[in-house]
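See below for the structure under consideration.
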Amino acid sequence: MVSGRSGEVPRRRKAGPAPRAVTPSGSVAPRRVSARSRSASGALHAGRGPQTDFLPGGQATTPQFRRTAPVGQMGAGGKRPKRQLGAPKRYTRRGKPRYGFFNYPRRQYTGFHRWVPSWRFLWWSMVLGVVAVVGGFVAAYAMIELPQPADFAQAQTSTVYYSDGVTEMGKFQVQNRQIIKVEDLPAYTRDAVVAAEDRTFWDNAGVDPMALARAFYNNLRGGARQGGSTITQQYIERYWVGRTTTSLPGKFKEAMLALKITQEKEKMDILDDYMNTIYFGRGAYGIQAAAQAYYKKDAKDLTVSEAALLAGVIPAPSNYDPQTNLAAANERWNYVLGGMEITGKLSAKERAELTFPEVVPYEVPETYAGPQGYLLEMVRQELLTKAGLTDAQIGSAGLKITTTVDKATQEAVLAVAQGVLSGAEAGLHVAIASIDPKTGAIKMIYAGDDYLVRQQNAATQDIAQAGSTFKPITLAAALEQGISLDEQFSGKSPIKIADWTVRNAGNSQYGTIDLVRATQSSVNTVYAQLNEQVGGSATVEAALKAGLPADTAGLDEDLTNVLGTASVHAMDMARVYATFAAQGKRHDPYIVASALSPDGNEVYSGRNEGVRVFEEDHMAELTYALTRVVEYGTGSAAKALGRPAAGKTGTSEENKSAWFCGYTPGLATAVAFYQEDENGYPVELTPFGQNAVIQGGGPPARMWVEIMEIGLCDSAVEDFPERPKDRPKSSRKYATPDTPTPEPTPSELPTPEATPTETPTPEPTPTPTPTEEPSPPPTSEPPSPTPTPTPTPTPTPTGAPAASQRIGFDGWPMPSGLVSGPAASQRVGFGGWPMPSGLVSGPAASQRGPYRPTAAGRA
């Protein structure tokens, strides 16, 4: 301490700051500080932090800090206040602050600098991270063990069953594989596979970090997904694991296995197992089976060009098969040859001399023979596209696949369709699709007679113009916009909307009518005006919401779309009407009820909750309008179903297609007739049987009844929801034009009645030859005066007619061999068809007459 007496020498302390001099006046002189310890704003730094010093005259300095928060100030009495937030807890012997080893967030700073890590923090973080990663890899490598070969290597067969889960529909092809020694093959065969799948195979340790990085970067950019897997990793997936791995933990385990297998097995052995296990398409597993499937030769006889093509199809055999996609196959072939040139296995001169090889036509396995081949192919496609399985897994994973299709029901549908086609000209096609609107399950389908003869599914791949079956879609869009069914429009014909001249079928004239009557009579001019009010884009939007795919041919926003200019699949139209039947809830159609692995775990199920796309009240209104079509309009033939039904007829321009699409609360069905010439181009439907013309209200509507009776034979009668009480009212009316009486012309539209009666128009055709059908059903809808038809009671069958006497649909003879069982002779269906045994059971089966439940059975 310094005394106040002059001349006294102060004692030096053992530790602490240096003593201060005393001024002549007796005050303590301020301590010297260097410019370095003073901040730009005048702050002072001392050993243990800033202090408040006193200048001559007693004026205290203000503590300032450079990029730091204050840690304390010296008071007048020389005492340090409590440590402030951000101040260090400890100091070095030299007085420097200690903030800990990592010191993050950095306590000596505020604001942005507080969160900027120091170089020391970054350095040690990287060191510890590398140590942790390396340690994890070492531990994982030491602990992982090679599993037993997967069941895939033993090739189990997958079996498909009908809906009962017991009756077999068919088997997917047993694995076609012949084990060979790859080292006995020409070297270029191995080189082609390496160039196609893993060009660093001979040098990498089982994992290619650069390939993984490229795949990761490509996937982040949104390019075509890449896996970055080496041949060793693919070999592990197929031979050891039995499935493709996509999860990060699974990929990590796969990488560890690849590293370990590379250390324990020779590269040639790995390539040998890989080339004998990999799937090449066409049901071929391994290079030997692939050579037979594509070239009808042994693998040892493959040329360089042929080996390159086979190596190129490995990533996606279904897409790179030249018979399926020649352009894609050629691109992959060039990619493989380019890889062989890069790796030095092929010279530029040798490559230039090569030509694209020809492959033999693919022979479909006998498994797909007959009509069930279409069902099996539908099952396979659903598992490929929705379950994410590969052809290899479907064909050899030992799956138990149960479908939604009942065997007896399906056989009855085939009998109906084959009966129609037996009396028609060549080129006529019939497509049938039935969907459960409550679940989306496909219940019945007619896609063709033999998949091996025609590998084109009539219900899911063939297309035909929708015609007037498209009008309810526009009506759904109108209801969504608040337009009432009571809205009034002029039904005169023709009318002109912009550059579009619209006529009713047969140029029929109607007065001022509402949308119910326009739907019932399928009035083109009214629906053209409605689409103008709604908007063509709104109609397209409603079609997509109801279930039509966005890539539907001819589905555009032009106003003409209301008349069904789009060419659609029968399955898609069944889905649209199933959405209407489900009161606006759309389901994805599916045929696979479940796919179980050998250990009983469910691999996939097509069941889905559905999504609401239309309001229930709007669908109740739509259904009401479509029930009037069945009760009083162009689809009156469908009234023979004998239960509440709604539907719509459709006939395209020039009669190139004829439709009837309809539904009950429990089943929706679309029936399409269309005809092609020898080159596959659509042509006008040729009349057959007792039909003077083929239109939607004729054979399609009557066949629809037949199909619905089959599908609903054991179902109780259900009623549609009632119309909403607070439905909107009409907002405008048109004046009634003068309407001359039209000439009778065969069309889909009945002549407007002189009185507001709604009675179906019968067909003016002669009575056919005697059949078991009580009266001839209508086959077309020509405008004519509207008499009241007199019903005739259905005769009761009395015995089993001979096969030659069994008259089927519209008078066609019933194919022999389709009816069996003691009660078959007493089961008479629509149009006099005896029904296949097994579809009707119970003591009253022989008394049911027409093939639908009796009143007692419905209860």
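The values are calculated or read from the model by the stated rules, or taken from the named source; none is laboratory data. On a predicted model such as this, the values are computed, not experimentally measured, just so you know. Here the Cβ positions follow ideal geometry from the backbone for every residue, glycine too, while neighbour counts run over all protein chains shown. In case anyone asks, the SASA skips ligands and DNA or RNA and just uses the protein heavy atoms, side chains included. Shrake-Rupley method; radii C 1.70, N 1.55, O 1.52, S 1.80 Å.
Give me the residue from the range 578-606 that is in contact (Cβ under 8 Å) with a residue 40 or more places away in the chain and closer than 19 Å to residue 538 by Cβ and, out of that set, surrounded by the fewest Cβ atoms within 10 Å (Cβ to Cβ). Result: 586.
Residue 522 meets the conditions (1) among the hydroxyl-bearing types (Ser, Thr, Tyr); (2) without any contact (Cβ under 8 Å) to a residue 40 or more places away in the chain; (3) crowded, with 19+ Cβ neighbours inside 10 Å in every case but one. The failed one is (2). Here residue 543 passes the criteria (1) in contact (Cβ under 8 Å) with a residue 40 or more places away in the chain; (2) open to solvent by less than 10 Å² (accessible area, probe 1.4 Å); (3) on the phi > 0 side of the Ramachandran plot except the one numbered (3). Scanning the range 465-516 for residues being in contact (Cβ under 8 Å) with a residue 40 or more places away in the chain, open to solvent by 20 Å² or more (accessible area, probe 1.4 Å) and not in a loop (DSSP other than H, G, I, E, B) gives a total of 9.
With respect to residue 442, is the statement that it is over 28 Å from residue 544 (Cβ atoms), modelled with pLDDT of 95 or more and touching a helix residue (DSSP H, G or I) at 6+ places or on another chain (Cβ under 9 Å) true? Step through it out loud before you land on a result.
Numbers: over 28 Å from residue 544 (Cβ atoms): no; modelled with pLDDT of 95 or more: yes; touching a helix residue (DSSP H, G or I) at 6+ places or on another chain (Cβ under 9 Å): yes.
Considered against the rule, which asks whether it is over 28 Å from residue 544 (Cβ atoms), modelled with pLDDT of 95 or more and touching a helix residue (DSSP H, G or I) at 6+ places or on another chain (Cβ under 9 Å), residue 442 comes out as no.
Looking at 131, 127, which is the one that is surrounded by 10 or more Cβ atoms within 10 Å (Cβ to Cβ), at pLDDT 75 or above and under 24 Å from residue 258 (Cα atoms)?
On the way: 127 fails: under 24 Å from residue 258 (Cα atoms).
Exactly one of 131, 127 is surrounded by 10 or more Cβ atoms within 10 Å (Cβ to Cβ), at pLDDT 75 or above and under 24 Å from residue 258 (Cα atoms), namely 131.
Is there a residue being assigned to a strand (DSSP E or B), open to solvent by 40 Å² or more (accessible area, probe 1.4 Å), of a type in the set (Asp, Glu) and under 22 Å from residue 572 (Cα atoms) anywhere in the range 653-673?
First pass over the range 653-673, keeping only residues assigned to a strand (DSSP E or B): 657-664, 667-673.
Add one more test, that the residue is open to solvent by 40 Å² or more (accessible area, probe 1.4 Å), and what stays is none.
Taking every residue of the range 653-673 in turn, none turns out to be assigned to a strand (DSSP E or B), open to solvent by 40 Å² or more (accessible area, probe 1.4 Å), of a type in the set (Asp, Glu) and under 22 Å from residue 572 (Cα atoms).
In the range 290-314, what residues are outside any helix (DSSP H, G or I) and without any contact (Cβ under 8 Å) to a residue 24 or more places away in the chain?
Keep residues of the range 290-314 that are outside any helix (DSSP H, G or I), which gives 296-298, 302-303, 313-314.
Passing the criteria: 297, 298.
Scan the range 609-632 for residues that are touching a residue at least 40 places away in the same chain (Cβ under 8 Å), open to solvent by 20 Å² or more (accessible area, probe 1.4 Å) and not small (Gly, Ala, Ser) and report the count. Residues meeting the conditions: 10.
Listed here are the residues, each with its yes/no results for (1) modelled with pLDDT of 75 or more; (2) surrounded by 16 or more Cβ atoms within 10 Å (Cβ to Cβ).
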site: 225; (1), (2): no, no
site: 230; (1), (2): yes, yes
site: 238; (1), (2): no, yes
site: 268; (1), (2): yes, no
site: 279; (1), (2): yes, yes
site: 307; (1), (2): yes, yes
site: 313; (1), (2): yes, yes
site: 319; (1), (2): yes, no
site: 330; (1), (2): yes, no
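Results for (1) at pLDDT below 80; (2) touching a Ser or Thr at 6+ places or on another chain (Cβ under 8 Å), shown as yes or no for each residue.
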| position | (1), (2) |
| --- | --- |
| 165 | no, yes |
| 173 | yes, yes |
| 182 | no, yes |
| 185 | no, no |
| 191 | no, yes |
| 204 | no, yes |
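Just to be sure before I move on: is residue 381 assigned to a helix (DSSP H, G or I) and free of Cβ contacts under 8 Å to residues at least 24 places away in the same chain in the structure I sent? Spelling it out, residue 381 is indeed assigned to a helix (DSSP H, G or I) and free of Cβ contacts under 8 Å to residues at least 24 places away in the same chain. Of everything listed in (1) part of a loop (DSSP other than H, G, I, E, B); (2) surrounded by 15 or more Cβ atoms within 10 Å (Cβ to Cβ), the single unmet condition for residue 344 is (2). Between 567, 537, the distinction of being out of contact with any strand residue (DSSP E or B) (no Cβ under 8 Å at 6 or more places or on another chain) and open to solvent by 20 Å² or more (accessible area, probe 1.4 Å) belongs to 537 only.
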